[in-house]
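Q: Below is the structure I would like to discuss, written out as structure tokens.
Taken together, the values in this text are just the output of simple stated rules run on the coordinates, not laboratory data. If you're wondering where the values come from, they're calculated on a predicted model, not measured in any experiment. Neighbour counts are summed over all protein chains in view; Cβ atoms, including those assigned to glycine, are modelled from backbone coordinates with ideal geometry.
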Amino acid sequence: MTLDELRQEIDETDNRLLELLAERGHRVRVAWALKAASGEKRLDVGREAEIILRLRARGEALGLDPADVERIWREILRVRAR
């Protein structure tokens, strides 16, 4: 494999990550609509903590630093879905 081929694969992975983030954003918007309809608040601190713990463990199992996973995911959770 050449460096150019590897870079192309990295670019494809980046594109898939963006597509998954967009898909996540759509699902967040649907969840917000359901919450609004039932009078619930958008932010669920307990759920957010569960997500972080689950993803830290999953990331570590995949060879990632749990602190890096948490930092990245906290940023993702802060992104306002459109």
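Q: For the pair Ala49 and Arg71, how long in nm is the line joining their label points, each one 7 Å along Cα→Cβ?
A: Distance between label points: 2.3 nm.
Q: Per-residue ellipticity at 222 nm for the chain, helices alone: DSSP H runs ≥ 4 residues times -39500 (n - 2.57), over residue total, nearest 500 deg cm²/dmol? Mind showing how you got there, number by number?
A: On the way: 3 runs with 66 residues, N = 82.
So the calculated ellipticity at 222 nm is -28000 deg cm²/dmol.
Q: If you keep only loop residues by DSSP, which trypsin sites (Lys or Arg not before Pro) in segment 1-67 have at most 16 other Cβ atoms within 10 Å of their Cβ? Write out the running numbers ahead of the final one.
A: Working: sites: Arg7, Arg16, Arg24, Arg27, Arg29, Lys35, Lys41, Arg42, Arg47, Arg54, Arg56, Arg58; in loops: Lys41, Arg42.
Answer by residue number: Lys41, Arg42.
Q: Based on alpha-carbon atoms only, what is the radius of gyration of segment 43-82 relative to the globular estimate 2.2 N^0.38 Å?
A: Numbers: Rg = 10.5 Å, N = 40, 2.2 N^0.38 = 8.9 Å.
Expressed relative to 2.2 N^0.38 Å, the Cα Rg reads 1.18.
Q: Let's test this: bin the Cα-Cα distances of segment 1-40 at 5 Å from zero up to the farthest pair and state each bin's percent.
A: For segment 1-40, the pair-distance distribution reads 6, 22, 13, 13, 11, 9, 9, 6, 5, 4, 2.
Q: How big is Rg to Rh over the chain, alpha-carbon atoms, Rh as the Kirkwood inverse-mean-distance radius?
A: Values: Rg = 16.0 Å, Rh = 14.8 Å.
Rounded to two decimals, Rg over Rh is 1.08.
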